[in-house]
Amino acid sequence: MDSDSVRVPPLRPGGYDPDDYADTVVRSAEAAGVSPQLVMGVLYNEAYKPHHPLLERLWQWWKPEASFGVANMHRAAFEQVRRTHGLSGRWQDLRDDPAFAIRAAALHLKDLDGRLPARHVRRYTRDELLALGYNAGERNMRAFARGVPLGPMARSYLRRFRAGRQRAAEALAGCVRVQTTADISTNGSSRMR
């Protein structure tokens with residue numbers, strides 16, 4: 001899966017759209033055992049900065065510990081995922097390979113899901129807590145699950161995640177329709193996924 005050929009985000013500001021990666025999101029999420037809508041929601045939340053490899057290299061020159069890739073992953077989170085799942089790529093590869101970045105993000109969300117208590121406050125869904133964990137870290141995610149109030153940055157992240165759920169669902173629905181159509185034409189049956 002690391003070798004998926006998906007296009008690199010454009011250099012032009014405003015030209016990046018997470019919808020372009022819906023197929024990769026579905027494949028990565030299914031392989032990791034997490035919700036594609038969760039992964040797509042994280043991509044929307046992390047789309048606030050340009051993700052072209054050249055711009056990320058320039059950003060790293062200015063801020064050496066900047067996060068990389070279309071999923072905006074920090075080095076410490078990536079290294080944990082790399083060790084846990086035996087990934088062969090490096091953190092720097094996230095900026096050049098969107099499919100690898102999405103796969104790493106999906107695996108990180110899976111790992112967070114394994115560390116989230118089964119019982120949590122009802123004001124957040126499990127996916128919301130996982131998105132908060134992606135942004136604020138595992139310790140904060142677990143605290144939010146116990147009912148510790150969100151700080152201003154976490155509240156903003158959650159607000160954007162909730163606002164983007166419908167758009168994420170629409171992007172993924174288009175992906176599912178394409179897969180379903182391919183199944184019908186290939187198999188001659190109307191098998192739904």
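Since every read-out is calculated from the coordinates, none of them should be taken as a lab result. This is a predicted model, so every value here is computed, not measured. Reconstructed Cβ throughout: ideal geometry from the backbone, glycine too, with neighbour counts over all protein chains shown.
In terms of modelled amide H atoms, which long-range or inter-chain residues lie less than 5 Å from the amide H of Met73?
For Met73, whose amide H was placed from the backbone, the distant partners under 5 Å are Phe68.
How about the range 88-137: which trypsin sites (Lys or Arg not before Pro) there are in a DSSP loop, with at most 16 other Cβ atoms within 10 Å of their Cβ? Write down the numbers at each step before the final one.
Values: sites: Arg90, Arg95, Arg103, Lys110, Arg115, Arg119, Arg122, Arg123, Arg126; in loops: Arg90, Arg119, Arg122, Arg123.
Sites meeting the loop and neighbour criteria: Arg90, Arg119, Arg122, Arg123.
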